[in-house]
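A short write-up of the structure that comes next.
Computed from the coordinates by the stated procedures, all read-outs in this text should not be read as laboratory data. None of the values given here were measured: they were computed from a predicted structure. Please note: Cβ atoms are built from the backbone with ideal geometry, for glycine as well, and neighbour counts cover all protein chains shown.
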Amino acid sequence: MAMEVLVLPHDPAWRDMFLAESRLILSALGQNALAAHHIGSTAIPCIVAKPVIDMLVVVK
């Protein structure tokens, strides 16, 4: 069975979505959180990407 994969042109709103979600996560983790990084294809301007925001959260 073939599975469809949706890819879209880069959307600058993906950065804003990452920032909003990372603020919530960092706030919830408090002092245990060191950083949040936007990773994956949505973090790279000018390429097509699956519309899924990937992030890496660094904790103590």
List pairs: first residue in the range 36-60 and charged (D, E, K, R), second residue exposed (fewer than 15 other Cβ atoms within 10 Å of the Cβ) anywhere in the structure, Cβ distance under 6 angstrom, at least six positions apart or on different chains.
Lys50/Val7; Asp54/Ile39; Lys60/Asn32
Tell me, which residue of the range 1-48 that is assigned to a strand (DSSP E or B) and among the hydrophobic types (A, V, I, L, M, F, W, C) is surrounded by the most Cβ atoms within 10 Å (Cβ to Cβ)?
Ala36
Where a residue in the range 16-32 is over 16 Å from Ala43 (Cβ atoms) and its partner, wherever it lies, is loosely packed, with under 14 Cβ neighbours inside 10 Å and of a type in the set (Gly, Ala, Ser), with Cβ under 9 Å and at least six apart
Leu26/Ala35
